[in-house]
Structure formats: structure tokens, C-alpha cells
Amino acid sequence: MSDHPSPAQSRRQFLLTASAAGGSLILSSSLPFARALAASTPPAINLGQIATLTGSAAEFGPYYRDAVQLAVNQINKAATEVFGGPIVAKHVTVDTATLPTVGVQAARQMVDTQHVPVIIGGWSSGVTVAVATSVSIPAGILQISNGATSPLITVLPADAKADLLFRTTASDALQGIVAAQLVNGEIYPNYKFKRVATLYINNPYGQGLSNSFTKAFEHRGGKVLAQVPHPEEVQPTYKSELAQALKDKPDLLLCVSYPAHTSAFLKESRDIFNYTSWQFVDGNASVDIIKDVGAQYLDGKYGTAPGEDTSTSAYKSFSQQFKTDFKYDSFPPFTASAYDAALLAGLATARVIAAGQTDASKITGAMLRDQLRKISASTQQTLDGGDQTRITEMLKAIKGGTDFHYNGASGPCIFDQFGDVITPVNIWKFDGNKIDTVELRAASTIPKE
């Protein structure tokens, strides 16, 4: 089963893709055996997703879409064995074009037409906040972001009472500290700078991470000469922003932005200002930037990103299955957390069904939220994600009334009162034509400031 956009919808930057949860049965209500079969089939929800399929972060969207699809496939295969049928009818993905206005329009249309009780995403904090405040929270829909890292999300006023916005990646309050430690020479003694400027995308993500870094770096005695915003839409030139950021000759420019913006201003930084002393963050961990700017100008330069412990069985299982099923050699940050967000949505749905709900139209975001909280709070046992056999065991446990805590591919999915999790922060670097993770900073080692 699939839904395809019309050309007119595509022109409006609205992309709707839906993937089958399994075969559909067309039954005559006049037949007793048909009614019995229908009664034995579990209710199946539509699962929504907002993703960056076009725009400044178009490089990342397909990975996040496919990671969610892997989770849906595993949940439905397990549900067919345990409950007698799939519990996700359709996985519906809409394109945000990496812009809040487009994201809100696409999400609202998805909610109105597909009646999803849960939305996975987004990657951009600006899009996530806009969709949460304008669409998901007012409609009572659970939203689980895989990549929105802005500290603002922790204290978003619209969610203070609703408790409908969660995320499977850590706040940039942590990444800002690690970025400051890196710049300050605390991680690599031969890599140390004292006078820094930041150039950031003017949205909750860019503002939050630039501010978090500045606070942590100045706490360490460093000096941030300027924090310079640039527009959220890609611009033809960034000469004025660069002139402002570089006017006092900083030792380093911290780039807090998305791939298309980053490619444009790095080339101008190099060609117009003869300046190539850059450090990066998760938003610009992009192979497209390597292609656009040239590996020789980026080789060896560091960045930070909320990360995952790649040594865990959940991560290893996810990575192997994801690469096999979707023919990827590697994947960008927040792919594992997209999988976790969807897997958690599926587990919450299974718990609602196990509790007796038989009508998909009556499964609400609040119901899923309550079950998500119970999964997060359970201390009875921990079950790892990533593997089909283990996912099936999870649904068997749910049907049997046994509680467990889900340990995800991106880390322990333990939500605090604000819907946040704590994950490691990775240090990465550009290495030729690829991006390598060079060190994992466990959350327990990051100072509380």
C-alpha cells in the first residue's frame, strides 16, 4: 500500500510517501468467518514522520526515513507473530524542506488526511519546535524527535503541561560543553584556541548550540569575539556575516549550521577572506560539504555531535540490518535515534493494544505517551533493540504483561520529566572523502555546568 504525491504537491515541497505495513484483506461483513477474522486482527495505526527530503539538509532525510521503515518492518513482523497482524498500517513521511513553514504545512496536511497519532521527527530543531507548537501538541499527537537538539525543547512552553514532545537524542547543552572542551585543549592538548567566533543558523538549534558553547568556553577562560547569525533559508552570499565574524581575527570559527549553508560560507571564507580555521558540529557532519568545498581544505578538521556507543549489541544489530536492508555503506548522525524513536512508538502502540484497545481510530497521542513513559520507567529488565528476534521477544513480553526497559541503538531510552534522554557526545573529523568518529565522550564524563 502506498500513497504518491501529485506533481502539484511536489512543487509545493510536500512529499508524501507511505509504505505498506502488510497485505490488506477485503472482507464481506455479511460473512461470519470474515467478522471473526477481522476481530482477531489487531488495530493498526498510521505512523507519521517529518523528514528533510529536500532543502539544506536533503542529504540526511532518506537515511532517517529508511531507519524508521526498518523499525516499522520489525515491529510489524513481530506483531504478526504475536498479535496476529501488523500494528502499523502505513508509515507516512512528509518532506519539511528543512524549513519550519513548509514543515508545518506538510505535517498539518498529514495529520488531517492520515490521522496519525504519533509523528517521528524532525531533525531540525526549528522545524521540530514549529511543528510541535502549531500542529502536534494542539492536535494531541505524540511527537518523538530523532535529531532536534536545541536546549529550548527542554523548556518549550507549549509542552509544559501537554507532555507530548520527546526526543531520542541529547540536548545541545551537552554538545556545547564538549565543543568547548575540544577548543580549550582539554581533549587534545595540541589542539587549543583562545579567541573564537561562531557563525550559526538563526533558529533554535543554532542559537541554542552557539550559546551553550559560548557559556562553556568563557567559563573556561576563553573569549568568544562574536556570535553571528545567518538566515535559515540558504543565501546567495554570506560575505557580510563572515566579515562580522572574522573582523577581530579569531583563532577559530565554530560553524553551527546545515550542509548547504555551510558549503556556501566555507567557500567564501576560504576564497574571499583566506580563512580556513574551522570547527564543526552535528549539523555539518556532511559528505556533501566535502564534495562542495574539497577534501584538501577539510581534512583533519574536527566536529562534535550527539552520538551513540557503537560497541553495544543494539547499535551493532541495527547498523548491520540497516546497511543490509537499504544498501548503505555508512549513515549520518541521528540515524540510529530515528530508528529508536519509531521502535518506541511501535512498542507503545503494542502496549495500548495489549491493554485492550481494538479500534485504531481511538488510539491517541496521550495513550501512546503514557505507555512510552512506562517503558522508560521500567526497571524490571532491559531488552536491546536492533535485532528482529529481540523485537519479537519484546512484543511477547508486552502481550504477557511483563515490563521491560528498551535499550536503543542510540543508547538507553530513559526519558526525564522533560522528555529528554542522555546520550554520549562524539568527536568526529573529516578524513579524506569520509567522516570518522574518533572519540566517544560518555555522558558521565561530561561536566555538569
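The values are calculated or read from the model by the stated rules, or taken from the named source; none is laboratory data. Just so it is clear, the structure is predicted and the values come from calculations on it, not from any experiment. All Cβ positions, glycine included, derive from the backbone under ideal geometry; neighbour counts span all protein chains shown. Keep in mind that these areas ignore ligands, DNA and RNA; they rest on the heavy atoms of the full protein, side chains included. Shrake-Rupley method; radii C 1.70, N 1.55, O 1.52, S 1.80 Å.
Structural remarks
- Principal-axis tilt of helix 204-219 within the chain, Cα atoms, nearest 10 degrees: 50 degrees
- All Cα-Cα separations within the chain were binned at 20 Å from zero, giving a P(r) of 27, 55, 16, 2, 0, each value a whole percent of the pairs.
- Each of D288 and S240 was given a label point 7 Å from its Cα along the Cα-to-Cβ line. The distance between the two points is 2.5 nm.
- Pairwise FRET efficiency - Q357 versus S40, Cβ, R0 = 22 Å, nearest 0.05: 0.90
- Relative contact order for the chain: 17 percent, from Cα pairs under 8 Å spaced at least 6 residues apart, divided by residue count.
- Scattering curve values for the range 90-170, log₁₀ I(q)/I(0), Debye with Cα scatterers, q = 0.11, 0.14, 0.25 Å⁻¹: -0.23, -0.37, -1.27
- Binning the C-alpha pair distances of the range 359-449 at 5 Å intervals from 0 yields a P(r) profile of 3, 10, 15, 18, 16, 14, 9, 7, 5, 2, 0 %, listed from the shortest bin outward.
- Per residue accessible area in Å² of the chain, where ligands, DNA and RNA are left out and the probe is 1.4 Å: 39 Å²
- Using a cut-off of 18 Å between Cα atoms, the listed pairs K247/K301; K327/K396; K192/K223; K77/K316; K215/K429; K90/K374 include K247/K301; K327/K396; K77/K316; K215/K429; K90/K374 as exceeding that distance.
- For T304, the residues 5 or more places off, or on other chains, whose built amide H falls under 5 Å of its own are F280, V281, D282, W428.
- The chain, dipole about Cα centre (Lys/Arg Cβ +1, Asp/Glu Cβ -1), debye to the nearest 20: 260 debye
- Our note on the geometry: Cα centres of the range 276-299 and the range 171-232, 17 Å apart.
- Cα-based shape type of the range 213-279, given that a ≥ b ≥ c are square roots of the gyration tensor eigenvalues and the cut on a/c is 1.5: prolate
- Taking the protein heavy atoms of the range 339-449 in the context of the full set of protein chains, the accessible area attributed to carbon and sulfur is 49 percent at 1.4 Å.
- Net charge of neighbours whose Cβ lies under 11 Å from the Cβ of V72, counting Lys and Arg as +1 and Asp and Glu as -1: +2
- With only the Cα atoms considered, the range 249-335 has a convex hull volume of 109 Å³ per residue.
- Nearest-ten-degree value, helix 335-354 long axis tilted from longest Cα axis of the chain: 30 degrees
- Set against the 2.2 N^0.38 Å expectation for a compact globular protein, the range 314-380 has a Cα radius of gyration ratio of 1.37.
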